[in-house]
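Worksheet for the structure shown next.
The values are calculated or read from the model by the stated rules, or taken from the named source; none is laboratory data. Treat the numbers as computed from the prediction; the structure is a model and nothing was measured. Backbone-built Cβ (ideal geometry, glycine too); neighbour counts: all protein chains shown.
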Amino acid sequence: MRILLVEDDRELVGYVRKGLEEEGYAVQTCFDGSAGLKAAEVAAFDIIVLDVMLPFLDGVEVTKRLRLQNIRTPILLLTARDAPEDIVRGLDAGADDYLTKPFSFDVLLARIRARTRTAGDRRTTMLRYADLSLDITKREVFRGGETLKLTRTEFSILECLMRAAGRVVTRDHLITTVWGEREITDNNLEVFMRFLREKVDIPAKRRLIHTERGLGYALRDH
């Protein structure tokens with residue numbers, strides 16, 4: 001997945017770019033609105049992460065110009081202003097979502113996943129790891145050919161783990177991705193993980209869901 005990151009705070013760009021690349025994204029960066037507009041006009045991206053306060057052209061104007069050219073790439077605005085009128089202005093210009101600064105990197109990742117999910121689901125509706133299969137469209141899960149009956153929450157947790165198979169998914173990232181803004185504690189998450197393990201790591205099968213103490217959880221076949 002290709003992301004265009006347009007932000008004039010170079011320290012923030014370095015931090016966000018490093019995190020996104022560690023998640024497997026390809027990231028192109030620009031440091032002013034004019035350069036960001038040109039980049040979005042000449043290349044295809046899966047999402048544009050766009051600061052509002054930029055030199056030369058602000059993020060709202062960049063958004064307007066892209067939409068006038070019928071460039072429909074999802075746009076996530078980053079803004080230090082959280083007044084309703086500022087948010088409405090960005091959304092009315094054609095942005096798909098906004099995130100106020102300062103923000104959690106895990107929340108940024110969750111917003112990116114949410115705004116690119118439809119395109120991703122068109123590319124693949126089936127996730128597979130070891131003998132585990134998850135059908136996103138039908139919301140069905142199989143292990144070794146046996147159907148696993150998961151609740152909606154358990155399905156969402158497993159999907160998040162399978163998308164990052166082999167890597168640690170932090171507790172915060174799981175909570176943000178699955179529950180969004182709802183108040184969920186680590187203890188609540190542990191309860192759901194226990195229920196999920198009872199269904200996925202069935203007797204006579206190799207354990208796939210592993211706890212990484214102090215960090216989160218990982219799907220590993222060893």
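Here segment 192-222 is the region considered, the condition is being part of a loop (DSSP other than H, G, I, E, B) and at pLDDT 90 or above, and the residue that is farthest from Glu154 (Cα to Cα) is Arg207. Is it the case, given these coordinates, that Thr125 is surrounded by fewer than 18 Cβ atoms within 10 Å (Cβ to Cβ), polar (S, T, N, Q), more than 16 Å from the chain's Cα centre (by Cα) and modelled with pLDDT of 90 or more? For Thr125, the condition - surrounded by fewer than 18 Cβ atoms within 10 Å (Cβ to Cβ), polar (S, T, N, Q), more than 16 Å from the chain's Cα centre (by Cα) and modelled with pLDDT of 90 or more - is not met.
Here segment 1-25 is the region considered, the condition is being of a type in the set (Gly, Ala, Ser) and part of a helix (DSSP H, G or I), and the residue that is surrounded by the most Cβ atoms within 10 Å (Cβ to Cβ) is Gly19.
Scanning segment 149-183 for residues being aliphatic (A, V, I, L, M) and on the phi > 0 side of the Ramachandran plot gives a total of 0. Among the conditions (1) assigned to a helix (DSSP H, G or I); (2) of a type in the set (S, T, N, Q); (3) crowded, with 17+ Cβ neighbours inside 10 Å, the only one that Asn187 does not satisfy is (3). Scanning segment 1-12 for residues that are within 21 Å of His173 (Cβ to Cβ) and free of Cβ contacts under 8 Å to residues at least 40 places away in the same chain turns up just one, Leu12. Within segment 31-43, residues that are in the same structural domain as Ala95 (by TED's automatic domain parsing) sit with their Cβ atoms under 9 Å from residues that are in a loop (DSSP other than H, G, I, E, B) and of a type in the set (Asp, Glu), at 6+ positions apart or across chains, in these pairs: Phe31/Glu7; Phe31/Asp8; Phe31/Asp9; Asp32/Asp8; Gly33/Asp8; Gly33/Asp58; Gly36/Glu7.
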